[in-house]
Amino acid sequence: MEKQTATGLSKLLENQLADMYYAGEQLVDFLRKLDTAAKNVKLKEALAKHREETKGQVERLQRAFKIMGRKLHGKKCPAMDGIIQEGLEIMEQFRDDPALDLALVAAGQKAQLYGIATYGSMCEWANELGHTTVQDLLHETLEEEKANWEKLTTIAGNLMNKENEIA
């Protein structure tokens, strides 16, 4: 890879690390709010577990910055801010509705997909730049994001089956 490309890719990786550092910190609080609002026990458990994993993801990002010799910093993430704002609005709108838990699952899954997309790209970039330890840290988070998305998908299916039994 040409030096100029490597420099640009390195800047891009650092930019997105900062983006996800900010997003992760915001997500911890958002997941707490979703967990508090959830009625279904399995959903509450999944959200609480993911909140704890997200704290670990933020710590991995701190380690990635250190490994790369970069100053730890967050960068406002309009995408995650928007996902969270939309989630809070739908949570309020469906507060007393039987579909609340399904709305919470959807809100959580939107955040998951953003994480999957971003961490997937960062894994490839870290690999290309030869940052194997950073790539390993990012890949661990990517796998957690995928697993959490799958868990929420399963919970949504179970919730839908219960809704159909009642209807």
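Please verify whether Lys151 is in a helix (DSSP H, G or I), of a type in the set (Lys, Arg) and under 30 Å from Phe65 (Cα atoms), treating the condition exactly as stated.
Numbers: in a helix (DSSP H, G or I): yes; of a type in the set (Lys, Arg): yes; under 30 Å from Phe65 (Cα atoms): yes.
For Lys151, the condition - in a helix (DSSP H, G or I), of a type in the set (Lys, Arg) and under 30 Å from Phe65 (Cα atoms) - is met.
Would you tally the residues in region 120-140 being more than 14 Å from Lys11 (Cα to Cα) and either in contact with a Leu (Cβ under 7 Å, 6 or more places away or on another chain) or of a type in the set (A, V, I, L, M) (or both)?
Final tally of qualifying residues: 5.
Has region 88-100 got at least one residue that is more than 23 Å from Asn158 (Cβ to Cβ), modelled with pLDDT of 95 or more and of a type in the set (A, V, I, L, M)?
So far as region 88-100 goes, yes, one or more of its residues are more than 23 Å from Asn158 (Cβ to Cβ), modelled with pLDDT of 95 or more and of a type in the set (A, V, I, L, M).
Looking only at region 112-136, how many residues end up being open to solvent by 10 Å² or more (accessible area, probe 1.4 Å) and small (Gly, Ala, Ser)? Talk me through it step by step, then tell me what you get.
Of all residues in region 112-136, those open to solvent by 10 Å² or more (accessible area, probe 1.4 Å) come to 113-114, 116-118, 120-121, 124-125, 127-133, 135-136.
Cutting the leftovers down to small (Gly, Ala, Ser) gives us 117, 120-121, 130.
Here the count works out to 4.
Checking Gly74 against (1) at pLDDT 95 or above; (2) open to solvent by less than 60 Å² (accessible area, probe 1.4 Å), which test does it fail?
Status for Gly74: all satisfied but (1).
For region 138-147, check the following and say yes or no: at least one residue is of a type in the set (Ser, Thr, Tyr), in contact (Cβ under 8 Å) with a residue 24 or more places away in the chain and open to solvent by 40 Å² or more (accessible area, probe 1.4 Å).
Initial filter on region 138-147 (of a type in the set (Ser, Thr, Tyr)): 141.
Going one step further and asking which of them are in contact (Cβ under 8 Å) with a residue 24 or more places away in the chain, we end up with 141.
From what is left, the residues that are open to solvent by 40 Å² or more (accessible area, probe 1.4 Å) are none.
Scanning region 138-147, I find no residue that is of a type in the set (Ser, Thr, Tyr), in contact (Cβ under 8 Å) with a residue 24 or more places away in the chain and open to solvent by 40 Å² or more (accessible area, probe 1.4 Å), so the answer is no.
Just name the residue that is farthest from Met122 (Cα to Cα) out of those in region 15-25 that are buried (at least 19 other Cβ atoms within 10 Å of the Cβ), without any contact (Cβ under 8 Å) to a residue 60 or more places away in the chain and of a type outside the set (Ser, Thr, Tyr).
If we take residues in region 15-25 being buried (at least 19 other Cβ atoms within 10 Å of the Cβ), without any contact (Cβ under 8 Å) to a residue 60 or more places away in the chain and of a type outside the set (Ser, Thr, Tyr), then Gly24 is farthest from Met122 (Cα to Cα).
Quick one: in region 26-52, which of the residues that are without any contact (Cβ under 8 Å) to a residue 60 or more places away in the chain and closer than 13 Å to Ala111 by Cα is farthest from the chain's Cα centre (by Cα)?
Across region 26-52, the extreme among qualifying residues is Asp29.
Cβ-Cβ below 7 Å, separation at least six or inter-chain, first residue in region 67-84 and farther than 28 Å from Thr132 by Cβ, second among the aromatic types (Phe, Trp, Tyr) and at pLDDT 95 or above: which pairs?
Sorted first by the residue in region 67-84, then by its partner, the pairs are Lys76/Tyr22; Ile83/Tyr114; Ile84/Phe30.
Being in contact with a helix residue (DSSP H, G or I) (Cβ under 7 Å, 6 or more places away or on another chain) and either surrounded by fewer than 15 Cβ atoms within 10 Å (Cβ to Cβ) or outside any helix (DSSP H, G or I) (or both) is the filter here; which residues of region 31-52 pass it?
Selection gives Arg32, Ala38, Lys39, Asn40, Lys42.
What number of residues within region 81-111 satisfy the criterion of being in a helix (DSSP H, G or I) and open to solvent by less than 60 Å² (accessible area, probe 1.4 Å)?
Initial filter on region 81-111 (in a helix (DSSP H, G or I)): 81-93, 100-111.
Retained after the next criterion (residues that are open to solvent by less than 60 Å² (accessible area, probe 1.4 Å)): 81-84, 87-88, 90-91, 100-109, 111.
Residues that pass the stated criteria total 19.
Within region 100-119, which residues are aliphatic (A, V, I, L, M), farther than 30 Å from Glu14 by Cβ and in contact (Cβ under 8 Å) with a residue 60 or more places away in the chain?
Residues of region 100-119 that are aliphatic (A, V, I, L, M), as a first pass: 100, 102-107, 111, 113, 116-117.
If we keep only those that are farther than 30 Å from Glu14 by Cβ too, we end up with 100, 102-106.
The answer is Leu100, Leu102, Leu104, Val105.
The values are calculated or read from the model by the stated rules, or taken from the named source; none is laboratory data. Since the structure is predicted, the reported quantities are computational estimates derived from the model, not experimental observations. Methodologically, a virtual Cβ is constructed for each residue, glycine included, from the backbone with ideal geometry; neighbour enumeration extends over all protein chains shown. SASA here: full protein model, heavy atoms, side chains in, ligands and nucleic acids out. Shrake-Rupley method; radii C 1.70, N 1.55, O 1.52, S 1.80 Å.
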